[in-house]
Amino acid sequence: MQFQQLQYFVAVAETRHFTRAAELVHVAQPSLSQQIKALERELGADLFLRARGNITLTDAGEALLPLARRILADADTARHEVQELVQLRRGRVRLGATPSLCTGLLPDVLRAFHDRYPGIQLLIEEGGSHDLVRELARGALDLALVVLPLPTPAPALTTVELLREDLVVVSSPEVPAPGRGGRVVDIGDLEGERLVMFRHGYDLRELTVAACRSAGFEPDFAVEGGEMDAVLGFVRAGLGLAVVPRMVATRAGRGLRVTPLARPGLHRTIALAHRSDVAPPRAARELQRMLLER
């Protein structure tokens, strides 16, 4: 008995037609009929009652059908499980993240993942949450780290909250400290200060501008339009202040003064997102687990 014969048998049982069954399994009808007859000889029983325009199952066929379906399903499951294991030895994970998370959160996690699964290729795409949601929706990414709430409703995505991160003010030690020079600074103290601002579409830009407006003033930009590395470089050069995630400020090294924001401060919520209608590949699920357990 062969898997192929069982596949042909199930196709005929479901279509009740030899020609349509042959089309379904992409084989010539004579070949399918020969394989069915060979299966009947192997089992010692007819599986179908063949009448012109009317194909029905015999009692033996009725008994075999659920068993054949189960055997074929188990074979598919076995094939899938083996492929999943192979994917942890080779394959790829397509991960999207905002630039600040690429700088702050991801390096340590990706290093641990690469050490454990060196054969998995990591493809990283940087972008704002809006762009990453769009890339997820069209299937270009397996996972994405996005900032909540999402810029647009995304019912086709599943999100799991990963962390809630404080934002801080960074400035050059060569210029006066922001506000009154204390250990903390209020958002209102940034009024009149020159800010180094991220490009449009950057989650941190929207959050900072909204906070300034809630405090009753429009922010004054010394430089705008940069990515994270450029913004930190401009701040080190003394061009202005910037509001960045604490994790980024901590990893940025020397040349920056870090001043926390006074309570209630500013925060952002980071979530891990994937499509709801498609399960991520095994390697992507493993990376997801490591991110959630970090």
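The values are calculated or read from the model by the stated rules, or taken from the named source; none is laboratory data. Remember, it's a predicted structure, so these values are computed and weren't measured experimentally. Note that we place each Cβ from the backbone using ideal geometry, even for glycine, and neighbour counts take in every protein chain shown. When the accessible area is computed, the model is the full protein with side chains, heavy atoms only, and any ligands, DNA or RNA have been set aside. Shrake-Rupley method; radii C 1.70, N 1.55, O 1.52, S 1.80 Å.
Taking the DSSP bridge list for segment 135-259 and keeping only pairs wholly inside it, about 55 percent are antiparallel. Close amide H partners of Arg257, meaning residues 5 or more places away or on another chain with modelled amide H under 5 Å apart, are Ser171, Ser172. Adding -39500 (n - 2.57) for every DSSP H run of four residues or longer, then dividing by how many residues the chain holds, sets the calculated 222 nm ellipticity at -13500 deg cm²/dmol. Probing with 1.4 Å while keeping every protein chain in the model, the per residue accessible area of the chain equals 53 Å². Rolling a 1.4 Å probe over the protein heavy atoms of segment 22-178, with every protein chain left in place, gives an accessible area that is 51 percent carbon and sulfur.
If you build a Gaussian network model of the chain, linking Cα atoms that sit under 10 Å apart, which residue out of Val168, Val25, Val184 swings the most? Maximum fluctuation in the GNM of the chain, among the listed residues, is at Val25.
Which order do the peptides 264-270, 281-287, 47-53 take when ranked by the mean count of other beta-carbon atoms within 10 Å per residue, highest first?
Numbers: 264-270: 15.9, 281-287: 20.6, 47-53: 11.6.
In descending order of packing, they fall as 281-287, 264-270, 47-53.
How big is D, in µm² s⁻¹, for the chain by Stokes-Einstein at 4 °C and 1.567 mPa s if Rh is the Kirkwood radius over C-alpha pairs? Using the Kirkwood radius from Cα pairs, D works out to 55 µm²/s.
What the Cβ-Cβ distance of Arg52 and Thr269 gives, at R0 = 45 Å and to the nearest 0.05, is a FRET efficiency of 0.10. Put a dot 7 Å past the Cα of Thr77, heading toward its Cβ, do the same for Ser276, and the two dots end up 2.7 nm apart. Ranking Thr58, Thr19, Ile270 by Cα position along the charge dipole of the chain, where only Lys, Arg, Asp and Glu carry charges on their C-beta atoms, puts Thr58 farthest toward the positive end.
Normalising by the residue count of the chain, find the relative contact order in percent from Cα pairs under 8 Å and 6+ residues apart.
21 percent
I'd like the FRET efficiency for Phe221 and Thr158, computed as 1/(1 + (r/R0)^6) with the beta carbon distance as r and R0 of 45 Å, rounded to 0.05. Provide the component values of the computation, followed by the final result.
Values: r = 37 Å, r/R0 = 0.81.
Computed FRET efficiency for Phe221 and Thr158: 0.80.
Segment 172-213 and segment 99-114 have Cα centres separated by 26 Å.
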